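Worksheet for the structure shown next.
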Amino acid sequence: MNEIKTVIVTFVGGLFTLLAPIENFMYAMLLLFGINFVVGVVSAIVSKEPWSNKKALMFFVYTAVFLVMACSAFIIGHFMGEHEQAVAVVKILCYLAIYVFGVNIFRNLCIITPEHSQWHKLFSLCYYVLSVKFIERFSFIKKWQEEAAKKAPTGNTILDKDDN
């Protein structure tokens with residue numbers, strides 16, 4: 001039994017050592033996902049939505065999927081001998097996640113704050129700029145959104161309210 005424990009500890013230690021170059025990215029993403037979760041829960045409470053175990057579980061599943069995807073991209077790039085490019089891929093994935101979850105956080109902050117408060121105005125402006133004006137400048141993103149809306153079942157698109 002001790003041999004199995006030693007093998008598992010050695011394997012996990014080696015994996016963490018391999019992933020050390022992207023450690024800070026993973027911490028940043030965990031912080032971002034945690035903020036998204038907390039703001040989403042508070043937003044649901046303010047909106048008087050009932051608690052959903054499924055939504056909470058899916059949050060943790062999506063977080064795990066992102067972390068596995070980022071770690072896998074890094075490991076594959078590392079073993080292909082492209083260490084710097086592998087870090088760059090993880091960085092790009094993280095920036096994309098920051099944008100997507102940042103928009104979601106600002107939307108939920110608009111729900112949480114009183115409508116005529118200065119904070120609501122600030123969060124509304126940030127949400128408006130990030131979700132509308134920024135995207136309109138890039139036709140390929142707008143086209144992707146339209147295609148995603150057509151492909152997804154009604155009421156369950158990436159553009160609809162997220163599961164948080």
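The values are calculated or read from the model by the stated rules, or taken from the named source; none is laboratory data. Note that the structure is predicted; figures quoted are calculated from it, not measured. In this analysis, Cβ positions are derived from the backbone assuming ideal geometry, glycine residues included, and neighbour counts consider all displayed protein chains.
On inspection, residue 86 does not qualify as touching a Leu at 6+ places or on another chain (Cβ under 9 Å), modelled with pLDDT of 90 or more, under 22 Å from residue 23 (Cβ atoms) and small (Gly, Ala, Ser). Of the conditions (1) among the basic types (Lys, Arg); (2) at negative phi; (3) free of Cβ contacts under 8 Å to residues at least 60 places away in the same chain, residue 48 satisfies every one except a single condition; which number is it? The one condition residue 48 does not meet is (2). Scanning segment 1-33 for residues that are more than 24 Å from residue 85 (Cα to Cα) and surrounded by 12 or more Cβ atoms within 10 Å (Cβ to Cβ) returns a single hit, 33. Search segment 120-146 for residues being of a type in the set (S, T, N, Q) and without any contact (Cβ under 8 Å) to a residue 24 or more places away in the chain, and hand back the single one that is surrounded by the fewest Cβ atoms within 10 Å (Cβ to Cβ). Among those residues, the one meeting the criterion is 139.
Quick grid of which residues meet (1) among the acidic types (Asp, Glu); (2) surrounded by fewer than 17 Cβ atoms within 10 Å (Cβ to Cβ); (3) at pLDDT 95 or above; (4) more than 22 Å from residue 18 (Cβ to Cβ):
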| site | (1), (2), (3), (4) |
| --- | --- |
| 48 | no, yes, no, yes |
| 54 | no, yes, no, yes |
| 58 | no, yes, no, yes |
| 71 | no, no, no, no |
| 79 | no, yes, no, no |
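Using the structure shown, decide if residue 67 is farther than 19 Å from residue 103 by Cα, surrounded by 14 or more Cβ atoms within 10 Å (Cβ to Cβ), at pLDDT below 90 and among the hydrophobic types (A, V, I, L, M, F, W, C). No. For segment 112-119, the criterion of being surrounded by fewer than 14 Cβ atoms within 10 Å (Cβ to Cβ) and part of a helix (DSSP H, G or I) is satisfied by at least one residue. Is it the case that residue 23 is of a type in the set (Asp, Glu) and either assigned to a helix (DSSP H, G or I) or more than 30 Å from residue 115 (Cβ to Cβ) (or both)? In short, yes. Of all residues in segment 88-107, those that are closer than 23 Å to residue 43 by Cα have Cβ atoms under 7 Å from Cβ atoms of residues that are among the β-branched types (Val, Ile, Thr), 6 or more apart or on another chain, in 105/35; 105/39. Here residue 91 meets the list (1) farther than 20 Å from residue 28 by Cα; (2) of a type in the set (Lys, Arg); (3) part of a helix (DSSP H, G or I) almost entirely, failing just condition (1).
Is one or more of the residues making up segment 55-68 farther than 29 Å from residue 110 by Cβ, more than 11 Å from the chain's Cα centre (by Cα) and assigned to a helix (DSSP H, G or I)? Checked against the condition, which is being farther than 29 Å from residue 110 by Cβ, more than 11 Å from the chain's Cα centre (by Cα) and assigned to a helix (DSSP H, G or I), segment 55-68 yields at least one hit. Looking only at segment 133-164, residues that are at pLDDT 70 or above and β-branched (Val, Ile, Thr) come to 1 in all.
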